[in-house]
Amino acid sequence: MSNVFEKGAYALPVSESAVAADFPGFSFGVFRDTAGQVWADFIHDTDEFVVVAEGEMEIEVAGEVTQCSPGDLVKIPAGASHSLRTSMNGGSVWYYGYGRFGGNDG
């Protein structure tokens, strides 16, 4: 699972359009979470990417937990249980999308 987390994948400030362009064929959305927001134990039937744009988050994918900062990319494979937890010290902004990894997906 070590290829799930890519620290510093994007330069700061993280460009929403650059992230979207790196994942053709994926949906694209933005979450703005308050301090302490938790999205726990999700499983999707499609792949998902998450890019932290602002704030600090703890992201867990299939039992592997990593502290993520702005610019970090997380590739979550279909069927993997995952949770995202925004730091209690402030909110977060993160970009996400659903699709299929493989080919020209960033």
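The values are calculated or read from the model by the stated rules, or taken from the named source; none is laboratory data. Note that the structure is a prediction, hence the values are computed from the model and not measured. For neighbour counting, all protein chains shown are included, and Cβ atoms are generated from backbone atoms with ideal geometry for every residue, glycine included. What goes into the accessible areas is simple: the full protein's heavy atoms, side chains included, and nothing from ligands, DNA or RNA. Shrake-Rupley method; radii C 1.70, N 1.55, O 1.52, S 1.80 Å.
Quick rundown of the values:
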item	result
Scan of the stretch 71-94 for residues that are over 10 Å from the mean Cα position of the chain (by Cα), open to solvent by 40 Å² or more (accessible area, probe 1.4 Å) and in contact (Cβ under 8 Å) with a residue 60 or more places away in the chain, ordered by number	P77
Enumeration of residues in the stretch 1-15 that are within 24 Å of A78 (Cβ to Cβ) and open to solvent by 60 Å² or more (accessible area, probe 1.4 Å)	M1, S2, N3, E6, K7
Count of the stretch 19-67 residues which are open to solvent by less than 40 Å² (accessible area, probe 1.4 Å), more than 14 Å from G79 (Cα to Cα), part of a strand (DSSP E or B) and among the aliphatic types (A, V, I, L, M)	6
